[in-house]
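Student: Structure incoming, see below.
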């Protein structure tokens with residue numbers, strides 16, 4: 001198949017491309033503006049195109065030949081979305097609308113990575129940050145396009161993806177990436193107050209296996225995550241007792257919710273557990 005991955009030079013996108021190129025029948029393309037992506041994540045055998053999703057029609061000239069679009073090319077952080085609100089709007093609203101248009105006009109299947117923030121704090125978290133609001137809005141828009149215009153779409157939800165290739169430095173780093181780097185450099189682990197925020201965490205290998213299965217289905221509600229959730233302070237203590245607190249942040253959610261029924265119907269189960277991953281880093285210490 002001809003497969004386009006937006007955000008293909010990022011953490012999840014590059015991990016998926018590594019799997020996709022193993023099939024010699026696949027032609028794999030990446031569209032990335034390199035906001036958080038990097039050419040260090042380029043995978044041999046894929047074609048890389050630099051640019052914003054807002055310009056997808058101009059950048060992807062063979063649109064009529066694309067079979068599937070995996071859309072990861074959005075802004076993906078809660079707390080920084082307040083200061084980066086223009087970037088979030090351009091990427092997650094204007095850009096995603098153009099991706100929808102592209103898929104509809106070229107009869108491509110759209111696989112959209114929504115955010116589990118939609119289910120946080122019994123749905124109230126949707127209104128707690130620009131990031132959460134626009135991501136939830138996009139799920140409604142995609143579902144409407146599927147009903148109104150026959151868009152072939154799948155909506156999946158990520159739950160704090162971690163593992164090799166995660167961002168470990170800077171304001172867009174993931175919590176496990178930050179903890180892992182701080183532990184390895186013998187710094188105190190920084191926990192955002194109060195530390196009782198609950199999260200589910202999913203290893204990148206499990207996420208990729210789930211994404212591959214989604215090519216054969218459609219609809220909404222495919223949660224790629226684990227039913228085990230942990231308080232952030234619990235996760236930090238899996239690494240070390242050397243912990244300091246940061247001030248509470250705007251947009252934080254305090255509970256997590258997941259339903260694996262739809263993913264299980266595809267034969268998917270998460271295999272890698274967070275405590276085992278962390279033990280592999282800290283063993284011998």
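Student: Report the dimensions of segment 43-131 along its three principal axes from the alpha-carbon atoms, largest first, rounded to Å.
Tutor: The Cα atoms of segment 43-131 stretch 41, 27, 24 Å along the principal axes, largest first.
Student: Given an 8 Å cut-off on Cα distances and at least 6 residues of separation, report the relative contact order of the chain as a percent.
Tutor: Rounded, it is 17 percent for the chain.
Student: Anyone know which of 201, 35, 72 comes out most mobile in the 10 Å Cα GNM of the chain?
Tutor: Result for the chain, Cα springs under 10 Å: 35 fluctuates most.
Student: Efficiency by 1/(1 + (r/R0)^6): what FRET value for residue 147 and residue 94, r their Cβ-Cβ distance, R0 = 22 Å, to the nearest 0.05?
Tutor: 0.45
Student: Okay, moving on. Considering the alpha-carbon set of segment 82-230 alone, what are its Rg and its Dmax in angstrom?
Tutor: Reported Rg and Dmax, both Å: 16.8, 54.
Student: For segment 153-285, report the % of Cα-Cα distances exceeding 26 Å.
Tutor: Across segment 153-285, Cα pairs with separations above 26 Å total 26 percent.
Student: Which whole-number percent is the relative contact order of segment 135-240 (Cα, under 8 Å, 6+ apart)?
Tutor: 35
Student: For segment 219-262, what's the radius of gyration and Dmax over Cα atoms, in angstrom?
Tutor: Cα-based Rg and Dmax for segment 219-262 come out at 14.4, 44 Å.
Student: For every helix of n ≥ 4 consecutive DSSP H residues, a contribution of -39,500 (n - 2.57) applies; sum these over the chain, divide by its total residues, and give [θ] at 222 nm rounded to the nearest 500 deg cm²/dmol.
Tutor: Computed mean residue ellipticity for the chain: -9000 deg cm²/dmol.
Student: Next up: For 158, 127, 82, which order do you get if you count the other beta carbons within 10 Å of each Cβ and list the fewest first?
Tutor: Starting with the residue having the fewest Cβ neighbours, the order is 127, 82, 158.
Student: Further, regarding this structure: Quick check: residue separation of residue 47 and residue 172 times 0.36 nm, minus the Cα distance between them. What number comes out in nm?
Tutor: Result for the pair: 42.5 nm of gain on full extension.
Student: Express the Stokes-Einstein translational diffusion coefficient of the chain in µm² s⁻¹, to the nearest whole number, given a Kirkwood radius over alpha-carbon pairs, 25 °C and a viscosity of 0.890 mPa s.
Tutor: Rounded to a whole number, D works out at 127 µm²/s.
Student: Can you give me the C-alpha center-to-center distance between segment 15-73 and segment 176-204, rounded to a whole angstrom?
Tutor: 30
Student: Provide 268, 148 in ascending order of the number of other Cβ atoms located within 10 Å of each residue's Cβ, fewest first.
Tutor: 148, 268
Student: Ranked by Cβ crowding within 10 angstrom, fewest neighbours first, how are 57, 71 ordered?
Tutor: Ordered by Cβ neighbours within 10 Å, fewest first: 57, 71.
Student: For segment 1-90, count the residues as N, evaluate 2.2 N^0.38 Å, and divide the Cα radius of gyration by that value, please.
Tutor: For segment 1-90, the normalised Cα radius of gyration is 1.09.
Student: May I ask you to compute the full-extension gain from residue 22 to residue 86, defined as 0.36 nm times their residue separation minus their alpha-carbon distance, rounded to one decimal in nm?
Tutor: 19.3 nm
Any read-out appearing in this document is the output of simple, stated calculations on the displayed coordinates, not a laboratory observation. On a predicted model such as this, the values are computed, not experimentally measured, just so you know. As a convention, Cβ positions derive from the backbone with ideal geometry for all residues, glycine included, and neighbour counts pool all protein chains shown.
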